[in-house]
Amino acid sequence: MDSYLKTSTILYVEDDHEVRLGYSKALSRIAKTLYTANDGEEGLRLFNEYTPDIVITDLKMPHKCGIEMTKEIRKINPEQVVLFTTAHTDPHYTIQALDLQVDAYMIKPVDKKKLETKINQQIGRA
């Protein structure tokens, strides 16, 4: 693991409680600070409060989906690193993610080592 990852902050937004718990454990081991949210509204609030280095978000969530949240985040910071995770392979979501120029689009279940590699690549380029 690169040392710069341990100095980075991550916002992880996932509505599935069990998935959020599992990935939060792994992410908290590799980040300086991990913030978690259970939907896009809470995620946007935490983004505005903490300005994390990287945002990892599910696509489909109640109250505000990952796409809507990312659109609002990009208005605040067009260069924000955003990684999408999703169980949905609908091309509609892929097109929206491409339009938003997200930094990664990963289909669940996401291998935790691959997720760490993607995070390292994105933090390393910042």
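The values are calculated or read from the model by the stated rules, or taken from the named source; none is laboratory data. On a predicted model such as this, the values are computed, not experimentally measured, just so you know. Note: areas computed on protein heavy atoms with side chains; ligands, DNA, RNA excluded. Shrake-Rupley method; radii C 1.70, N 1.55, O 1.52, S 1.80 Å.
General observations
- Amide H contacts of TYR35 (H built 1.01 Å from N, in plane; Pro and chain starts excluded): ILE10, LEU11, TYR12 sit under 5 Å, all sequence-distant by 5 or more or on other chains.
- Square roots of five times the Cα gyration tensor eigenvalues for the chain, Å: 19, 16, 15
- Solvent-accessible area per residue for the chain (1.4 angstrom probe, square angstrom): 53
- Sulfur and carbon atoms: percent of accessible area, the stretch 17-126 [1.4 Å]: 50
- Reachable lysines from LYS112, criterion Cα separation under 22 angstrom, eight or more residues apart if same chain: LYS6, LYS25, LYS32, LYS60
- Cα-Cα pairs of the stretch 52-123 separated by more than 16 Å (percent): 44
- Potential lengthening between SER28 and LYS113 on full extension [0.36 nm per residue; Cα-Cα distance subtracted]: 29.2 nm
- Candidates ARG74, ARG29, ARG20: whichever shows maximal mean-square fluctuation once the chain is modelled as a Gaussian network with Cα springs under 10 Å: ARG29
- Computed over the chain: relative contact order in percent, which uses C-alpha pairs under 8 Å that are six or more apart: 24
- Choice from ASP39, ASP111, ASP99 with maximal GNM fluctuation in the chain (Cα, 10 Å cutoff): ASP99
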